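Values in this text are rule-based calculations from the coordinates and carry no lab data. None of these values were measured; they are calculated from a predicted model. Don't worry about glycine lacking a Cβ; one is built from the backbone with ideal geometry, like all the others, and counts go over all protein chains shown.
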Protein chains: 2
Amino acid sequence: MKISISKENHLKAIFHLESDHGTVTTNELAAALHTRPASITDMLKKLQKEGLVLYERYKGFSLSQDGKMAAVQIIRNHRLWECFLVDHLDFDWSQVHEMAEELEHLTSRKLIDRLDFFLGFPRTDPHGDPIPDSDGKFTRQIAQIPLPNLLTGKEATVTAIRPQTDQILELLQHKKIKIGTRITIRKKFDFDDSLEIEVDGGASTTVSALVAKNIYVSVQK
Amino acid sequence: MKISISKENHLKAIFHLESDHGTVTTNELAAALHTRPASITDMLKKLQKEGLVLYERYKGFSLSQDGKMAAVQIIRNHRLWECFLVDHLDFDWSQVHEMAEELEHLTSRKLIDRLDFFLGFPRTDPHGDPIPDSDGKFTRQIAQIPLPNLLTGKEATVTAIRPQTDQILELLQHKKIKIGTRITIRKKFDFDDSLEIEVDGGASTTVSALVAKNIYVSVQK
DNA sequence: ATTATATTTTAGGCAAATCTAAAAATTTAA
DNA sequence: TTAAATTTTTAGATTTGCCTAAAATATAAT
Ligand SMILES: [Mn+2]
Ligand SMILES: [Mn+2]
Ligand SMILES: [Mn+2]
Ligand SMILES: [Mn+2]
């Protein structure tokens, strides 16, 4: 009935890779989990026996419905704990991932549901990623676009940074940009695709095309 | 360097049994951990090799200084998480132990120290047990006595319930007695050693000798 | 002081999760 | 369409944490 921590990590990784590029391979999964392809094959056979993945040797694999549900639950745990760490223990988003990697495996369903209540049912984690509800349903996310696609002069809210590296975090922290920050593009420079932006209706600053591409914003709400 | 969850559980159990009756035996430890004596011997050999216990075959064993420090750290984690669960997630003390049993094994020292801060550096957990500080030092506890030893008419504060079973908790919950409750003995009945007590300066109630013996109180503070 | 009882340890095994090296299957390229 | 390269799987080990059954040791009772 209860899934081991290692199995949970495998299911979660499959889920993420599947969401990203529709399909997963043994090698990719091994890389994602810092393990070896042979170990993945071993684990896959066990997960299949438990009905958590559909697997045919040499042909590929994917999560079963049960596997998907299990994965989503862990992702929910992970993201809710990240909220707790950032909002209440005052960590910043670059630090919380590791800790959440452990916290996500706690087995009490009631604990996580109460935590959700305590946090006020947040809809996204500190990185802007959506948090599924207790039944595993992701609420429709508000449409988000990469910052370079935003029309000049139109105000928008930062909803995600992706991918989240320590380096971009450091840069954005310095420029006072985070999830929830309001941004308006003042000027687009065709020369290098850098942008001059206004941050929270105050000072202006310039970001490179690379930085801009990693910032996702939403014009609604 | 890092101690496995199972080893942490062993160290903690040894610590508790040692504190209780000064010494621990293989059988006791096996019972406490719901495992077999042979498994204890195996584990003891490993813990000795790592310098966490002092062990001589057939002669007995005890925690080394390192082992003691590790155990205290886990106990700190356990009790701080119990505080969080009761004070912020609104669980009651009978429910938190299991969850804390998992939470205590999280590896981030910084996490637990921030949690401590978030909680306001509590000195005892919801069961009245003392919480060591980040360096593993237990602050001197205020003197506590079993309720039957309290003088009639002298007001005191409930500081602990021991042992904590679900049954006594249920009873005390019904009578609105918990850690921090103020109690004054109004009458001691010699016939069965039951006590008539006043709870929080309000209504009076009667508790049996057995119940009274499990309630610890402090007159100071 | 023997003998009986209880405790503790060894011997041998098993399941989970990993690994390396080698074999098998698939995919890509010539 | 065969050969080469890549991917995936098997075979065989290892480590950790636990088990049962049997042997060793210590303790208690005649
Ligand atoms: Mn994890
Ligand atoms: Mn996240
Ligand atoms: Mn535990
Ligand atoms: Mn406690």
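For segment B:1-147, averaging the sequence separation of C-alpha pairs within contact (under 8 Å, six or more residues apart) and dividing by the residue count gives a relative contact order of 19 percent. Beyond 40 Å, the tail of the calculated P(r) for the protein assembly as shown holds 37 percent of the Cα pairs.
Each label was represented as a point 7 Å from its Cα along the Cα-to-Cβ direction; for B:ARG186 and B:LYS46 these points are 5.7 nm apart.
Per-residue ellipticity at 222 nm from helix content only, as computed over chain B with -39500 (n - 2.57) for each DSSP H run of at least four residues, stands at -13500 deg cm²/dmol. Sorted into 10 angstrom bins from 0, the C-alpha pair distances of segment B:131-197 split as 17, 43, 29, 9, 2 percent.
Counting only Cβ charges, +1 for Lys and Arg and -1 for Asp and Glu, the dipole size of chain A around its Cα centre is about 620 debye.
Computed from the alpha carbon positions, the gyration tensor of chain B leads to an equivalent ellipsoid with semi-axes of 35, 21, 15 Å, biggest first. Here the Gaussian network model covers chain B, with springs between Cα atoms less than 10 Å apart; of B:ASP113, B:ASP87, B:ASP20, B:ASP20 fluctuates the most. Using a Gaussian network model of chain B in which every pair of alpha carbons under 10 angstrom is joined by a spring, one finds that among B:ASP192, B:ASP90, B:ASP129 the greatest mean-square fluctuation is at B:ASP192. Can you check what the net charge comes to around B:PRO122, using other residues whose Cβ is under 13 Å from the Cβ of B:PRO122 (Lys, Arg +1; Asp, Glu -1)? Neighbourhood net charge equals -3.
Ellipsoid semi-axes for segment B:75-203, based on the Cα gyration tensor and the rule √(5λ), read 31, 16, 12 Å when sorted largest first.
Our summary gives segment A:145-219 a relative contact order of 43 percent, counting only alpha carbon pairs under 8 angstrom and 6 or more residues apart.
By definition, a body whose alpha carbon gyration tensor gives a ≥ b ≥ c is oblate when a/c is 1.5 or more and a/b is not larger than b/c, and segment B:94-137 fits this oblate description. Our analysis of segment A:170-221 gives Rg over Rh at 0.93, with the two radii drawn from alpha carbon positions and Rh computed by the Kirkwood formula. Charges were assigned to the Cβ only: +1 to each Lys and Arg, -1 to each Asp and Glu. The resulting dipole of segment B:1-113 about its Cα centre is roughly 740 debye. One way to sum up the overall shape of segment B:5-63 is the equivalent ellipsoid from its Cα gyration tensor, whose semi-axes run 14, 13, 12 Å, largest first. In chain A, taking the dipole from charged Cβ atoms about the Cα centre, the farthest positive-side position among A:LEU85, A:SER204, A:LEU63 is held by A:LEU63. Think of segment A:145-219 as a dipole: +1 on every Lys or Arg Cβ, -1 on every Asp or Glu Cβ, centred on the Cα centre; then among A:ALA160, A:LEU195, A:PRO148, A:ALA160 lies furthest on the positive end.
Name the residue, out of A:PHE15, A:PHE121, A:PHE189, whose mean-square fluctuation peaks in a Gaussian network model built on chain A with Cα pairs under 10 Å. Of the options given, A:PHE189 has the highest mean-square fluctuation. Under a model in which nothing but the beta-carbon of Lys, Arg (+1) and Asp, Glu (-1) is charged, segment B:145-219 shows a dipole of about 180 debye around its Cα centre. Membrane-span-like helices in chain B, defined purely by DSSP H runs whose alpha carbon atoms cover 30 Å or more axially and whose average Kyte-Doolittle hydropathy reaches -0.5, are B:65-87. Translational diffusion of segment A:38-138, estimated by Stokes-Einstein from the Kirkwood radius over alpha carbon pairs at 37 °C in a medium of 0.692 mPa s, is 222 µm² per second.
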